[in-house]
1. Quick one: among Ser57, Ser258, Ser117, which has the greatest mean-square fluctuation in a GNM of the chain with alpha-carbon springs under 10 angstrom?
2. Between Asp51 and Ser107, take the C-beta separation as r, use R0 = 35 Å, and let me know the FRET efficiency to the nearest 0.05.
3. Give the long-range amide H neighbours of Ile166: residues separated by 5 or more places, or on another chain, with amide H under 5 Å away, using H modelled in the peptide plane at 1.01 Å from N.
4. With labels modelled as points extended 7 Å from the Cα through the Cβ direction, what inter-label distance (nm, one decimal) is found for Glu218 paired with Arg20?
5. Tell me which residues come under 5 Å, amide H to amide H, from Asp114 once H is placed; ignore anything under 5 positions away on its chain.
6. Let me know the shape class of region 3-94, please: from the alpha-carbon gyration tensor, a ≥ b ≥ c as square roots of the eigenvalues, rounded when a/c is under 1.5, otherwise prolate if a/b is greater than b/c, or oblate.
7. Separation of region 103-161 and region 205-273 by C-alpha centroid, Å?
8. May I ask you to evaluate 6.51 cos²θ - 1.76 cosθ + 1.60, the Karplus curve with θ = phi - 60°, for each residue of region 201-214 and list the ³J(HN,Hα) values in order in whole Hz, giving x for glycine and proline?
Amino acid sequence: MKIRELSQTMFVRGEDQVARLEMLGKNLSDKTLSQKRRLLDLIVGRFGEEDIESIPSAKIVKYLFSLDLSRSSSWKNHYLQVFKELYGEYVWRTGLEILVPNFPRFSNSSKKADVFSTEELNLFFNSALWENEAEFLLFYVTVNCGLRMGEARGLKAKQFNFRKHILLVDGFIRFDGSRTNFNKSGSIREKKIRVVFLPTELERKIKSYFKRNDFSPEDYIFTKNGKPFRAEFCDRLFKKMLDRSLIEAKGRKLTPHSLRYTYVTRMRRYLNGEVVRLLVGHTSQEMTDYYTKPLIEDMIKQIAESREAAEKIFS
């Protein structure tokens, strides 16, 4: 049986497979189903025409090895778990026994993302290499404001305050495609929003981009087919542009998160650790009370000394 055929009704609310799992006591939230379905769609995109009975397990594992550092170990393990559930669905549908591969488990690497040098930043952000303005700006705002990729993907027009030259970071795109109204390690009650200054060149580019696109305040600014860029798309795009810019990546962990890590590293040249934590949203025990009811004006004062440093990311 083709994997594409087998997968069609899996992890779909109201279909037989989900009903069976729930009868067995599994509590499947809409978020969980969406996450599993998205992984299943990726499996189908890669192996959809393969027969589940005969696909070599080594072929699946080699594919995951080929992704190297572009996907986390956790993501790869989730991918393999969904693949295992395909085998279980096959047994249920056909009544035939099938050998379920003993997939390896990928271990998490403690290696931090590597940073870009000044030369590499200028190579990567050479506008002549980019074909799409939105794709360029997604990564450009990420490195200039120290954003997590989910925060960048979830940016809305209303978050940019050009009068005060700031970006209000107040949410991120989850794995299932929904957007929060709070930051990582925050919650609905304790949102942990933050502000960062917009460097002059970034502000100029964003303003120009806004004029050409006539965004409404609630509009996402980086979209494809009407929806925020997906994480997989951003990962592929980052790798493509890394190759195109001829940056040496062998033996290094260069991922989209490297842009945020580069920002943190460079801001630490000019600012103390507490100010950097405020800028990038790292948590600490001392900051817990600070974020209870944040006032934008107070937050701007807290990071005032970072404005000059923000202009030096590319130097």
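1. Ser57
2. Details: r = 30 Å, r/R0 = 0.87.
The pair Asp51/Ser107 has a calculated efficiency of 0.70.
3. Asn161, Leu198
4. 4.1 nm
5. Lys253, Leu254, Thr255
6. Details: a/c = 2.14, a/b = 1.37, b/c = 1.56.
Taking the square roots of the gyration eigenvalues as a ≥ b ≥ c, region 3-94 is oblate.
7. Answer, in whole Å: 3.
8. 5, 5, 4, 4, 5, 5, 4, 4, 4, 5, 4, 6, 10, 6
Read the figures in this text as sums done on the coordinates, not as results from a lab. Treat the numbers as computed from the prediction; the structure is a model and nothing was measured. Neighbour counts run over all protein chains shown; Cβ positions are idealised from the backbone, glycine included.
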